[in-house]
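The values are calculated or read from the model by the stated rules, or taken from the named source; none is laboratory data. None of these values were measured; they are calculated from a predicted model. Cβ sites come from the backbone with ideal geometry, for glycine too, and all protein chains shown count toward neighbours.
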Amino acid sequence: MIAEMKNNHPHPLSWRLWGLLLLVAMVWLIEAYDIGLTGTVLPSLKAQWHLSAWQSSAVVSAPTLGVALGVFPAGVLADKLGRKTILQVALLYYTTLTVLTGLSDNWTMFVILRFLAGLGLGATFPIPYTLFAELAPSHARGRSAGILDAFLSIGYFTSPFLASWIIPYGGPGGWRQMFYLGAFGYLVLIAIMRFVPESPIWLSQTRSAVNPSSKKLWSPTFRRQTAMLWIAFPAVLLLFYVIMNFMPSLLIKEGFSAHQALLFASLIMAASIPGKLIESWLVERIGRKPLLISFTLFAGLFALLFSHLHQYSEIIMAGMALSFFGIAVDPAMKIFTAEQYPTAIRAKGVGAAEAVARLLGGALAPFILEQALSSSGIQGTLIFTAVVTWLGTLALSLWAKETRFVALG
């Protein structure tokens, strides 16, 4: 089994590795569904609890702040205790907190539970692509990440799609049912415990001595890539949060009904699924750096275009293009991040980059975006999004080094 998973394996993925890939992908599908709940239930919470702009921002930012605080410690622990161990504990924890969120009877309780669930979501996020970067052969790492990430988009699509039917017809408590469906995570946990192995590269690393100086993310060896990732990753994740958490509100502001906004938001999110599948093919052919630069460049352009359109059909098409490039770039960013560091600090480096990205792009930015939406409308919101995205493009252009086919050590 371990020999089959070594990174220099020259053959295509075996059926067993494909099965493991799909099983690990289910973790991200459940997690994406969970994260997508925030944006999909926000209009219902605004109406039921009469939330102010600040309270709405807190609803959006609470789980993301939890993710930002949970992701780095999880990376450190995953380097010490193993990838599978942290994945199992985190999945059990956030599934339980998600189900409990459905019992919230006020804004305060909701925000607290979403923050606590976010800690577990953060602990989960870096593990699947760190684990599979160490399971897959080097020539298939990018493709594996693209397929894994496509399941994130399926989860993000599932959340608003189900909400478009459950919430309008489920009465005042329709939004609660969305959280109860998160209990499916328990079934995924059982399958992970039974079938997913620990990373053989990590197991091998724990048996050998590691130079302590090589464990510092800001050492001369790693500070260039760390700085680049801490700029580019937040820019990429900002695109995701704009589409996931603000798209229903943006569409409602454009005149769509609540049902239409949720339905079309799910359609816009679905456009990222073929985007990620195409990305998974391109990233192994043109490389990580060219793909990251081109996709972020186009995403910024379509964000600007979206802000200047008024016809419903044009808005939907621009939103789908924004999703195609802006969310489909995620798997390349993630596998590129995992390839920047050696095994001894890979999960730590990935966790740190994710933490910074989610703190800046997911927790801080929503407050700015909510205020921009209230004061400057859609144009101000999406101009800000485009500018931040292109800052990430600039960082990648100046400092990124290609890692395609590089063996992990």
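Yes/no matrix, rows are residues, columns are (1) under 16 Å from the mean Cα position of the chain (by Cα); (2) among the polar types (S, T, N, Q):
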site	(1), (2)
Ala90	yes, no
Thr95	no, yes
Val99	no, no
Asp105	no, no
Val111	no, no
Arg114	no, no
Ala123	yes, no
Leu135	no, no
Can you name the residue in the range 158-198 that is under 30 Å from Glu279 (Cβ atoms) and of a type outside the set (A, V, I, L, M, F, W, C) and, of all such residues, is surrounded by the fewest Cβ atoms within 10 Å (Cβ to Cβ)? Pro197
Here the qualifying pairs (Cβ atoms under 9 Å; residues six or more apart or on different chains; first in the range 48-59 and under 16 Å from Ala258 (Cβ atoms); second part of a helix (DSSP H, G or I) and small (Gly, Ala, Ser)) come out as Leu51/Ala58; Ser56/Ser249
Inspect all residues belonging to the range 222-230 and state whether any of them is modelled with pLDDT of 90 or more and among the β-branched types (Val, Ile, Thr). yes
If we keep just the residues of the range 354-379 that are more than 22 Å from the chain's Cα centre (by Cα) and without any contact (Cβ under 8 Å) to a residue 40 or more places away in the chain, which is nearest to Pro234 (Cα to Cα)? Ala372
Hey, does the range 250-271 have a residue that's of a type in the set (A, V, I, L, M, F, W, C), at pLDDT 90 or above and either assigned to a helix (DSSP H, G or I) or crowded, with 19+ Cβ neighbours inside 10 Å (or both)? yes
Condition first: of a type in the set (Gly, Ala, Ser), over 14 Å from Thr158 (Cβ atoms) and within 20 Å of the chain's Cα centre (by Cα). Now tell me which residues in the range 251-277 satisfy that. Ala271, Gly275
Residue by residue through the range 217-228, note down the ones that are touching a residue at least 40 places away in the same chain (Cβ under 8 Å) and out of contact with any Gly (no Cβ under 8 Å at 6 or more places or on another chain). Arg224, Gln225, Ala227, Met228
Any idea which residue in the range 94-103 is surrounded by the most Cβ atoms within 10 Å (Cβ to Cβ), counting only those that are of a type in the set (S, T, N, Q) and closer than 15 Å to Trp175 by Cα? Thr98
Glu314: passes all of (1) surrounded by fewer than 22 Cβ atoms within 10 Å (Cβ to Cβ); (2) touching a helix residue (DSSP H, G or I) at 6+ places or on another chain (Cβ under 7 Å); (3) part of a helix (DSSP H, G or I) but (2)
Please state which of the following conditions Gln260 fails to meet, knowing it meets all the rest: (1) under 22 Å from Ile35 (Cα atoms); (2) touching a residue at least 24 places away in the same chain (Cβ under 8 Å). (2)
Checking the conditions here, which among Gly349, Gly392, Gly319, Gly362 is small (Gly, Ala, Ser), buried (at least 24 other Cβ atoms within 10 Å of the Cβ), over 20 Å from Arg285 (Cα atoms) and at pLDDT below 85? Gly362
Being farther than 21 Å from Val59 by Cβ, in contact (Cβ under 8 Å) with a residue 12 or more places away in the chain and among the basic types (Lys, Arg), is that true of even one residue in the range 142-152? yes
By residue number, the members of the range 153-198 that are without any contact (Cβ under 8 Å) to a residue 12 or more places away in the chain and in a loop (DSSP other than H, G, I, E, B) are Gly170
I'd like to check which helices (runs of 4 or more DSSP H) are fully inside the range 339-409 and have at least 3 residues that are farther than 29 Å from Gly66 by Cβ. 377-399
For the range 274-287, does any single residue satisfy the condition of being out of contact with any strand residue (DSSP E or B) (no Cβ under 7 Å at 6 or more places or on another chain) and under 16 Å from Phe256 (Cα atoms)? no
Considering every residue within the range 322-331, establish whether at least one is within 22 Å of Val60 (Cβ to Cβ) and more than 21 Å from the chain's Cα centre (by Cα). no
Return the pair list, or none, for Cβ contacts closer than 8 Å from residues in the range 3-24 that are closer than 14 Å to Ile147 by Cβ to residues that are at pLDDT 80 or above and charged (D, E, K, R), at least 6 apart or on different chains. none
From the set of residues in the range 104-157 that are modelled with pLDDT under 85 and of a type in the set (Phe, Trp, Tyr), which is surrounded by the most Cβ atoms within 10 Å (Cβ to Cβ)? Tyr156
